[in-house]
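Taking it in order: structure first as structure tokens, then the write-up.
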Amino acid sequence: MQHENFEVDDTGLYKRLCGLKDRNLRQIEKILDITLIPRGNTIIIQSEHDTEKAFELLHLLSDYLSGKDAAYELDEFEIRYITSSIKSGQKFRAEDVNRLKIYIPDTNRTIVPRTINQANYLNAIHKSPVTFGIGPAGTGKTYLAVVAAIHYFLKGKVERIVLTRPAVEAGENLGFLPGDLVQKINPYLRPLYDALFELLTLDRVSSLIEKGYIEIAPLAYMRGRTLNNAYIILDEAQNTTVSQMKMFLTRLGVNSKFVISGDITQIDLAKPHNSGLIHSRNILQGIEGIEFINFTKEDISRHPVVEKIVAAYENAGYNE
């Protein structure tokens, strides 16, 4: 049995590292198959194999917490993700995540990427005019794209935000929905509305939409336009055709950013192989100014069960 001590001088940081009733330590124990014993300001590491990864993890988690507010508590996802990353040998640096925090003054919220891929995604958005985020549901593709859009708008870096999705049905018939085309398309744009309302007040969102600073429209409305000084998000991009994706990408104007997100395992097109997202991934790789960030089920930061559901479908060979 190997032993090593990890000491934390800051009492508040030590308590947050251990978690309520030492729940963080219990979760780490299960993943790394070790024993962690809290004593005073010290965590005693006991292992049948080696204590190196556990010591590295505790040091990393301390740095991670030090970069956040004093009241910040680690949640189950962060413990699971960071511990699993260290266990698999993946490099995870706290500063790479914490430095990309975005503050939204309207709701006094600070949003920080929670995984390496989320950090890479935000970094790509900052650096490149066109960014693709591809991966399963719950990885933060749409949410982080909206966060960055609001940040750019509030900082005056763009004059407006445009949010769009293709009007493709996921098993339901769009024609039977009441109202005109805009009213019919609204249910498909709901995730974009949800992100906006979480980050800005209802009155602020309503006012910005009314004044045209935020535009939410079907993809078909993009044809013939040139989008200058704008931040444009194309969500559910897996449901675009090749011609629709080409049409959209060629709308890019001066001082604009395009963020395209989608999940190639959830294509609702009659002929999935015609997906514009898959086609663009195949032909646009390596072009300067275009970045692709590929998310995996490990990036899923919704309820822990969601990651298990995605994994179960993958194991069953169901990727549609």
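The values are calculated or read from the model by the stated rules, or taken from the named source; none is laboratory data. These numbers come from a predicted model, not from an experiment. Reconstructed Cβ throughout: ideal geometry from the backbone, glycine too, with neighbour counts over all protein chains shown. SASA here: full protein model, heavy atoms, side chains in, ligands and nucleic acids out. Shrake-Rupley method; radii C 1.70, N 1.55, O 1.52, S 1.80 Å.
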**Item:** Cα-based reach from LYS21 at 20 Å (exclusive), listing aspartates and glutamates while leaving out same-chain residues under 8 positions away
**Value:** GLU7, ASP9, ASP10, GLU29, ASP33, GLU73, ASP75, GLU76, GLU78
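State the Kirkwood hydrodynamic radius of the stretch 68-119 in Å, one decimal place, computed from all pairs of distinct Cα atoms. Intermediate results must be reported in sequence, preceding the final value.
Numbers: mean 1/r = 0.0823 Å⁻¹.
Result for the stretch 68-119 stands at 12.1 Å.
Could you please state how large a percent of the accessible area of the stretch 184-260 is carbon and sulfur, counting protein chains only and using a 1.4 Å probe? Let's see the in-between values first.
Numbers: 1740 of 3370 Å².
Using a 1.4 Å probe with all protein chains present, the stretch 184-260 comes out at 52 percent carbon and sulfur.
Greater than 27 Å separation of Cα atoms is the criterion. Which listed pairs, LYS157/LYS297; LYS68/LYS297; LYS101/LYS157; LYS91/LYS157, meet it?
Working: LYS157/LYS297 33 Å; LYS68/LYS297 25 Å; LYS101/LYS157 17 Å; LYS91/LYS157 32 Å.
The pairs that break the limit, which is 27 Å between Cα atoms, are LYS157/LYS297; LYS91/LYS157.
For the stretch 67-164, what does the convex hull of the Cα positions come to per residue, in cubic angstrom?
Working: hull volume 12.8 nm³, N = 98.
Roughly 131 Å³ of hull volume per residue.
Using only DSSP helix segments of four residues or longer, with each worth -39500 (n - 2.57), what per-residue ellipticity at 222 nm results for the chain after dividing by its residue count and rounding to 500?
Working: 13 runs with 129 residues, N = 320.
Calculated mean residue ellipticity at 222 nm is -12000 deg cm²/dmol.
Please give the charge dipole size of the chain, origin at the Cα centre, charges +1 on K and R Cβ atoms and -1 on D and E Cβ atoms. Round to the nearest 20 debye.
I would put it at about 940 debye.
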**Message:** Working only with C-alpha atoms, what are the Rg and Dmax values of the stretch 1-159, expressed in angstrom?
**Reply:** 17.8, 62
**Request:** Compute the acute angle (0 to 90°) between the alpha-carbon long axis of helix 190-199 and the principal axis of greatest extent of the alpha-carbon atoms of the chain; round to the nearest 10°.
**Result:** 50 degrees
**Prompt:** Roughly how many Å² is the accessible area per residue of the stretch 74-131, as a whole number, for a 1.4 Å probe?
**Reply:** 43 Å²
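Per residue and in Å³, how big is the convex hull formed by the alpha-carbon atoms of the chain?
Values: hull volume 49.7 nm³, N = 320.
So the per-residue Cα hull volume is 155 Å³.
Take every Cα-Cα pair in the stretch 218-266 and report what % of them are more than 18 Å apart.
Values: 292 of 1176 pairs.
It works out to 25 percent of all Cα pairs.
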**Prompt:** What is the log10 of I(q)/I(0) for the stretch 32-79, computed with the Debye formula using one identical point scatterer on each Cα and no solvent, at q = 0.17, 0.21, 0.24, 0.28 Å⁻¹?
**Reply:** -0.59, -0.86, -1.03, -1.17
